[in-house]
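Every number here is computed from the coordinates shown, using simple stated rules; none is lab data. Keep in mind it's a predicted model, so treat the numbers as computed, not measured. Reconstructed Cβ throughout: ideal geometry from the backbone, glycine too, with neighbour counts over all protein chains shown.
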Amino acid sequence: MMSINNPLKIVVDTNVLLVSILPRFSYYKIFEEIQSGKVNVYVSNDIVSEYTEVFSRRYTPHITEILLNTLFNLPNVFFVDPKFQWKLIELDPDDNKFVDCAVASSVDYIISNDRHFDILKEIPFPKVTVLKAEEFIALIKIVNK
């Protein structure tokens with residue numbers, strides 16, 4: 001159970017972050033939790049590169065820099081350097097960067113709406129739990145009561 005002394009540890013898939021970083025977006029509650037320090041977020045260099053690439057397709061370079069610097073400068077965002085590539089997601093190998101970061105940092109959840117992550121339910125080791133954005137928002141509402 002999440003508490004102020006023991007926040008949940010998460011990795012956030014790019015598409016979920018993209019639709020949660022601004023107040024007008026439906027998943028903004030996720031970014032609010034991150035900004036408040038109620039959850040710890042883990043990223044790797046590969047994840048940062050993907051965030052930058054995808055955000056740059058939607059926003060100007062200046063806006064991308066502001067949005068991502070806002071995230072990366074939070075004290076509860078941690079950079080990890082995974083030493084092993086698990087290669088658990090075969091249908092979209094690019095998604096493995098999130099799995100590798102999650103395993104390396106022993107996170108509680110990957111937050112993703114990407115169906116490619118569904119295969120992780122069938123893999124007993126390493127155990128990686130994925131929540132859809134809606135499931136994570138429901139969880140944090142319960143925990144914050």
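Structure above, values below:
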| quantity | calculated |
| --- | --- |
| Total formal charge among the other residues, if their Cβ is under 15 angstrom from that of residue 139, Lys/Arg +1 and Asp/Glu -1 | +1 |
| Value at 222 nm in deg cm²/dmol, rounded to 500, when DSSP H runs of n ≥ 4 in the chain each add -39,500 (n - 2.57) | -12500 deg cm²/dmol |
| Largest-first principal axis extents, alpha carbons of the stretch 8-143, Å | 39, 34, 26 |
| Percentage relative contact order, the stretch 8-143, counting C-alpha pairs under 8 Å, at least six apart | 29 percent |
| Whole-angstrom gap from the stretch 97-141 to the stretch 1-63, using each part's C-alpha centre | 14 Å |
| Tally of Lys pairs whose C-alpha atoms are under 13 Å apart, taken over the stretch 1-138, 8 or more apart or cross-chain | 5 |
| Residue order, fewest to most beta carbons within 10 Å, for 116, 62 | 62, 116 |
